[in-house]
1. Could we say that residue 4 is at pLDDT 90 or above, assigned to a helix (DSSP H, G or I) and surrounded by fewer than 19 Cβ atoms within 10 Å (Cβ to Cβ) here?
2. Within segment 134-155, can one find any residue that is free of Cβ contacts under 8 Å to residues at least 60 places away in the same chain and within 18 Å of residue 16 (Cβ to Cβ)?
3. Across segment 59-105, what is the total count of residues that are in a helix (DSSP H, G or I) and either among the β-branched types (Val, Ile, Thr) or on the phi > 0 side of the Ramachandran plot (or both)?
4. Quickly run through segment 140-185 and pick out the residues that are more than 21 Å from the chain's Cα centre (by Cα), part of a helix (DSSP H, G or I) and either among the small types (Gly, Ala, Ser) or at positive phi (or both).
5. Counting just the residues of segment 68-111 that are basic (Lys, Arg) and under 21 Å from the mean Cα position of the chain (by Cα), which one comes out surrounded by the most Cβ atoms within 10 Å (Cβ to Cβ)?
6. What pairs come out if I take residues in segment 63-84 that are more than 16 Å from residue 102 (Cβ to Cβ) and pair them with residues that are crowded, with 19+ Cβ neighbours inside 10 Å and among the small types (Gly, Ala, Ser) whose C-beta lies under 8 Å away, six or more apart or interchain?
7. Here's a check for you: in segment 14-36, which residue that is touching an Asp or Glu at 6+ places or on another chain (Cβ under 8 Å) and within 15 Å of residue 127 (Cβ to Cβ) is surrounded by the fewest Cβ atoms within 10 Å (Cβ to Cβ)?
8. Over 20 Å from the mean Cα position of the chain (by Cα), surrounded by fewer than 13 Cβ atoms within 10 Å (Cβ to Cβ) and under 20 Å from residue 27 (Cβ atoms) - does that describe any residue in segment 55-67?
Amino acid sequence: MIEDIIADASERMKKSIAVLRDAFTKVRTGRAHASLLDHVTVEYYGGDVPINQVANVMVEDARTITITPWEKAMVQPLEKAIMKADLGLNPSTAGTVIRVILPPLTEERRRDLVKVVRSEAEDARVAVRNIRRDANQDFKELVGEKDVSEDDARRAEQRIQTLTDESIKKIDDLLEAKEQDMMTI
């Protein structure tokens, strides 16, 4: 029972870190990367699908993303979807190729984005701590039901604390790397 709780907590902490990584990819740095448009959807045959399922998204250079739709009719909807995404990007079309040029970030905008990134990291830390709290509560319930001894529960709580410390360290490392990436010009 203790091992199941620890395994579940570990898995949930890993998912929290994966969600943070995903959130970080959506925050724009000074350089272009294809994952910037991953969460943008476009209507395609009656359903909303991600851009990368209807077009080839590539990074042309440090400031330009090139989108080549697989169907010529998708050029206009793709342009509209990128504009509606509220990323501050203006696509330009040349035939069937859409180019999105990323404007350079100002120092003030970089600092604002760092605040957003720190907020995301703090949310991930809170999620990890909540997972720890839930696991410790489960251990206390097991002790209360006399299913495990208090010593076993205490050792399990220490293992959960170790997992929590490792997860928060990973979150801090991700945050530091992202901040460094954002502040370099």
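1. Yes: the conditions hold for residue 4.
2. Yes, segment 134-155 has at least one match.
3. Residues that pass the stated criteria total 2.
4. Once the filter is applied, which keeps residues that are more than 21 Å from the chain's Cα centre (by Cα), part of a helix (DSSP H, G or I) and either among the small types (Gly, Ala, Ser) or at positive phi (or both), segment 140-185 yields 144, 153, 156.
5. 110
6. 68/55; 69/55; 70/55; 74/55; 78/55
7. Checked segment 14-36; the qualifying residue surrounded by the fewest Cβ atoms within 10 Å (Cβ to Cβ) is 23.
8. Checked against the condition, which is being over 20 Å from the mean Cα position of the chain (by Cα), surrounded by fewer than 13 Cβ atoms within 10 Å (Cβ to Cβ) and under 20 Å from residue 27 (Cβ atoms), segment 55-67 yields at least one hit.
The values are calculated or read from the model by the stated rules, or taken from the named source; none is laboratory data. Keep in mind that this is a model prediction, so the values were computed, not measured. When we count neighbours, we look across all protein chains shown, and the Cβ atoms used for this are built from the backbone with ideal geometry, even at glycine.
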